[in-house]
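Visitor: Please find one structure pasted underneath; my questions will follow.
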């Protein structure tokens, strides 16, 4: 009886664990926004495309605006998986240009135009999740606003204060720093 | 009952007071207060490292000889300490360590990337943390507008206070004994994209601060806070306002100067004989769209000589007018006195510039004396005019400078490779100078990278948004070196190639130089030959400068180790092996 109990708990633990695994793998279809947003942060899409996806400049390169993009969902998936040759957009799929071709090219074909390797590798469902996130929350949106900002960062920080009121027109040289 | 309680309370209070009196920190002896007198003579306290750059001349030279070229091979880890500040914020996944430790009377003061200040008792052959002051930075707020890492380059000592900055733009004064914050003031405004990463410079009871943010369209400045009144004494903008001297060098119709950059995020130096502070200024904004801002863009890419009392600009020298390459000139000015060829005294200000040239100016006048390339590959200009010190292609009558037009980023040359890359040359890591050998040691990044120009558009100029006119990527391998320049001749005397870019900075002693590599090594080189005499792999990313000091008569070398800064985010493709280096936060202390 005692040993049966132990086995049962063990089985339960394993079931729970694999259920969690199953959930995380299928969560993109359950909660596209949260899963995709998490990947947007973890894979550092944020660093170049910025939290609002509008891209711009910076040391990450002249990242394109995901708000203004005309890419389809499938094209976004491909771009995340394979990067963009000749640019700083990295590839995030393990084996890109090696075990699977990208844009019909192998590593040899793409040569020195091969994009950088992403800081993390993303699995298929993760790439789908972040593409869903961009399609649902970023593409086609107008100027970023306070609600979008707090949805990304939460409300604890001052980071979204700039969106509370109309932004100032530019640096004011005569402004005294607050004491 | 009540009177018993009262009596009991009274005796408790008295006992506590007695206890407090016993454990009260020793009343500050005159020697414990850091005064202007001590700062002027900081090198006389040979066992201390009292100032960020060691002394007002920024030589980072220590006269200590206990550790020397005969015995340095026996240098070992004496003790280590883990610090905090590794967590991320904003766009940064982790903080890092770029700080220079300050050491006074056996006490070490260091900062982590999020601005916590640690006081460590180094006596007795080990490190004991006495207190930690955590400024509780709003991490997302500051981290979203820090272009180049969560870093804090160190503290300054004044009176009985430890003066520090925070990434979110504050100056904080912490009681040296108790670790309690006595006051703080907001100097920089992250709402405008301003952050602070540099250590303060203490001059005549003022703390002088610089600002970062030229990638976010700020207007740079240098500010002096009166440490007695805690009020701002002066603030000198590096970008002139409308109608002010220098405004004629912004020839656009878009008010580019309002977002003109000119950051000041490396601690300056000071010559008390002429009461002058020397400070470098950074790139104009937008970094790579020089056609948006035709004109020389004063006072970006310059060294400024400021009257210490008023902040007024006495002279300026601009290294790269209308800079198209993001070649910040923020670097420290090392002040060196030599005898000229005719026995005349030469008072120099040396700067190893991002653009790959090492310059000597006459620091009394700003006159160019010499400039020499210190990198292997330099393609952005054919060289310097030996009279003016400007790049030979510079044409004062042309508003937009093309330099070597075949490689210079431009709206007509949108994707191009430049050498050195925009990271330099030399970046923030400091140089050091040996006054006997007259060798000036430069931590070199041997680089090229690729720039893509995007037209800057006024509608895109918003507070806290990047304003760079495009950006770089890094398809080329980047390595490093140490260059020793003989300052008497203005020529490179010696060079040591290194596998990785120099991201740590230099320490010079009578017969050694110390530095580090981001792959983990701390090393000691022969000061003359640059032959490596000792090396230790810390297992972490070394991107902070080493210091040396004595405690109880014994000499130590200390260095902070914790991968950080811009490299592992923006430039890592050029050094793929460094992807394996994990974030961390440690103080390493070495001794024989």
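No lab work stands behind these numbers, since they all come straight from the coordinates. Remember, predicted model here, so these are calculated numbers, not experimental data. Methodologically, a virtual Cβ is constructed for each residue, glycine included, from the backbone with ideal geometry; neighbour enumeration extends over all protein chains shown.
Visitor: At q = 0.09 Å⁻¹, what is the log10 ratio I(q)/I(0) for the protein assembly as shown, with the Debye formula run over Cα points and no solvent?
Guide: -0.82
Visitor: If you take each beta carbon of peptide B:460-471 and count the beta carbons of other chains within 10 angstrom, what is the mean? Walk me through the numbers before you get to the answer.
Guide: Details: counts 4, 4, 9, 6, 5, 9, 10, 3, 7, 3, 5, 11.
If you average over the peptide's residues, the count of other-chain Cβ atoms is 6.
Visitor: Still on this model: Counting only C-alpha contacts under 8 Å and six or more residues apart, can you give the relative contact order of chain B as a whole percent? If you can, show how the numbers build up before the last one.
Guide: Details: 1748 pairs, mean separation 82.7, N = 592.
Rounded, it is 14 percent for chain B.
Visitor: Using a ≥ b ≥ c from the Cα gyration tensor of segment B:248-385 (square roots of the eigenvalues), is it rounded, prolate or oblate, where a/c under 1.5 gives rounded and otherwise the larger of a/b and b/c decides, a/b for prolate?
Guide: Oblate.
Visitor: Take peptide B:86-93, look around each residue's Cβ out to 10 angstrom, count Cβ atoms belonging to other protein chains, and average those counts. Please list the in-between numbers first.
Guide: Working: counts 0, 0, 1, 2, 6, 9, 3, 6.
Rounded to a whole number, the mean comes out at 3.
Visitor: For the Cα atoms of chain B, what angle does the longest principal axis make with the long axis of helix B:2-23, in degrees from 0 to 90, nearest 10?
Guide: Long axis of B:2-23 versus the principal axis of chain B: about 50 degrees.
Visitor: Any idea how far apart residue A:143 and residue B:406 come out in nm if each label point goes 7 Å out from Cα toward Cβ?
Guide: Taking the simple label geometry, residue A:143 and residue B:406 are separated by 4.6 nm.
Visitor: In addition: Using label points projected 7 Å from each Cα along Cα→Cβ, tell me how many nm separate residue B:275 and residue B:554, to one decimal.
Guide: Output for this residue pair reads 4.6 nm.
Visitor: Apply 1/(1 + (r/R0)^6) to the Cβ-Cβ distance of residue A:151 and residue A:75, taking R0 = 22 Å, and write down the FRET efficiency to the nearest 0.05.
Guide: 0.30
Visitor: If you don't mind, there's one more thing I want to ask. Please give the average number of partner chain Cβ atoms lying within 10 Å of the Cβ of each residue in B:447-455, rounded to a whole number.
Guide: Neighbouring Cβ atoms belonging to other protein chains average 2 per residue here.
Visitor: If you average the C-alpha positions of segment B:430-454 and of segment B:303-324 separately, how far apart do those two centres end up, in angstrom?
Guide: Here the answer is 21 Å between Cα centres.
Visitor: For A:152, B:278, what ranking results if the residue with the fewest other Cβ atoms within 10 Å of its Cβ goes first?
Guide: Numbers: A:152 19, B:278 27.
Fewest-to-most ranking of A:152, B:278: A:152, B:278.
Visitor: Turning to a different aspect of this structure: If you rank B:410, A:49, B:165 by fewest surrounding Cβ atoms within 10 Å, what's the result? If you can, show how the numbers build up before the last one.
Guide: On the way: B:410 20, A:49 23, B:165 30.
Sorted ascending by nearby Cβ count, the order is B:410, A:49, B:165.
Visitor: Here is a follow-up. Efficiency by 1/(1 + (r/R0)^6): what FRET value for residue B:337 and residue B:459, r their Cβ-Cβ distance, R0 = 45 Å, to the nearest 0.05?
Guide: Once the sixth-power term is evaluated, E becomes 0.30.
Visitor: Let me ask something else about it. Give the peptides B:120-127, B:346-353 in descending order of average Cβ contacts within 10 Å, highest first. Walk me through the intermediate numbers first.
Guide: Numbers: B:120-127: 16.5, B:346-353: 23.9.
Sorting B:120-127, B:346-353 by mean packing, highest first, produces B:346-353, B:120-127.
Visitor: Further question: Which order results if B:301, B:577 are arranged by neighbouring Cβ count within 10 Å, fewest first?
Guide: The fewest-first ordering by Cβ neighbours comes to B:577, B:301.
Visitor: What nm distance separates the two modelled labels at residue B:126 and residue B:44, each placed 7 Å from Cα along Cα→Cβ?
Guide: Using points 7 Å along Cα→Cβ, the separation is 3.7 nm.
Visitor: Between residue B:63 and residue B:382, what is the FRET efficiency for a Förster distance of 56 Å, r being their Cβ-Cβ separation, to the nearest 0.05?
Guide: 0.85
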